[in-house]
Every structure is written in structure tokens, then in C-alpha cells.
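The values are calculated or read from the model by the stated rules, or taken from the named source; none is laboratory data. Small disclaimer: the values here were computed from a predicted structure and weren't measured. All Cβ positions, glycine included, derive from the backbone under ideal geometry; neighbour counts span all protein chains shown.
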Amino acid sequence: MNLLKMIFGGGRNVITETAEVFMENTEAGAQRRADYAQSALGQFGAEFPVERKGWFDRFMDGLNRLPRPLIVIAVFSLFASSMFDPLWFAERMQGLTLVPDPLWWLAGTIVAFYFGGRFQMKSQEFSQAIAQSTARLPQVLQNITQIRALRHDTPGAAETGTDTALSQMAIEPSDNEAVRAWHEGSK
């Protein structure tokens, strides 16, 4: 009996304890994992308590979530506008070439706050390219004038200025054979 107590210990299981040196006790491991998960959930719950927020807090949370989606929507809206009204889009893009460098840097910094530091480097390179194109101001103004001349509502053919007699003559029907032939041929 003493020999058995020596092998198995006094109320202990020596074989089990010896086996646990070489292999994890599955039940004890599961308990440790459950305890770990429970403590992690407790820490998370303490860090982010569920509390009733007032309308102002909810409004500010919603407002803080707006800039990134609005920037994405604005960029894709520009793509869409370039297809629906190319002249309008071209005028706006010509105007962007006149934006000064400090304003581009400020806008780049604000956007970098939301999208990260990598954008900061790219925006400075972009602003340098914009600065070089700003030197072409006379060309930009000429381009805008040419673009506006292409609009359907400003052909310039009957531009009469303030001369009312000339304006009246421009809207009176003409007895021009070529115009009449063209008009009949287009029916």
C-alpha cells in the first residue's frame, strides 16, 4: 500500500501529472482559453461602454463619418459630369489650374488627415505640377473663350451687341436661295 501511495501520491494522480508534462490537459486548456476570451470581452466592454448618447453626440458621430464618402462621391460625380456636359467640365478643370499652391497644400493636408501620410507626398507632387501649369494663365483664358464659343446657346453668328436694328434684322426671315434649299432638304 505504501508502494502504491508512493507511485500515485497521497490523493494525487502522479500518472496524470506526469502525462501533463508531455501533453496539454485538454480540459484545462479549454478553461484557460475561455478565461482569456472572457477577460478580453470584459476589457472591451470597459473600454467601450454602452451608453445612451444625446442627439448632439449622435449628430457629431454622423458628421465625422461624412468626409470620406463625400470626397468619393464628389470625384465620381466629376467623372459623370465629364460625360454628360463636357464643356461645363472643361471650364471647371481650366479654372482649377489657377488655384495657388498654398491652397492645394492646405487641401492636400486636410485630405491626408483622412487618407493617410502617403497622400501627403503625392499631393505635394501634384501641387508642383499644378504650379507649373499656372504659368499658362493666358492660354487657359483663351481655352475658356474657345470652349464657351462651342456652346449650343452661344453660336456668335447673330451676335449684335446693343444694336437693336441689327438684332431685328437677325431674326427676320431671309429670302436666301441657299438657306431655303438647305431648309427644304433637311425636312
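Below are the figures for this structure:
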quantity: Flag if L87 is loosely packed, with under 10 Cβ neighbours inside 10 Å and either under 28 Å from the mean Cα position of the chain (by Cα) or at pLDDT below 80 (or both); calculated: no
quantity: Filtered residues of region 116-169 (kept if among the aromatic types (F, W, Y) and at pLDDT below 75); calculated: F119
quantity: Boolean, E17 is at pLDDT below 80, under 30 Å from F113 (Cα atoms) and acidic (D, E); calculated: no
quantity: Inter-residue pairs, beta-carbon under 9 Å, first in a loop (DSSP other than H, G, I, E, B) and in region 140-155, second at pLDDT below 70, 6+ apart; calculated: none
quantity: Condition broken by M6, with the remaining ones in (1) modelled with pLDDT under 70; (2) under 52 Å from the mean Cα position of the chain (by Cα); (3) of a type outside the set (D, E, K, R); (4) surrounded by 10 or more Cβ atoms within 10 Å (Cβ to Cβ) satisfied; calculated: (2)
quantity: Looking only at region 34-64, and only at residues there that are surrounded by 10 or more Cβ atoms within 10 Å (Cβ to Cβ) and of a type in the set (D, E, K, R), the one that is farthest from T109 (Cα to Cα); calculated: D35
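Conditions tested, residue by residue: (1) charged (D, E, K, R); (2) without any contact (Cβ under 8 Å) to a residue 24 or more places away in the chain.
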{"residue": "R68", "(1), (2)": "yes, no"}
{"residue": "L87", "(1), (2)": "no, no"}
{"residue": "E91", "(1), (2)": "yes, no"}
{"residue": "P102", "(1), (2)": "no, yes"}
{"residue": "T109", "(1), (2)": "no, yes"}
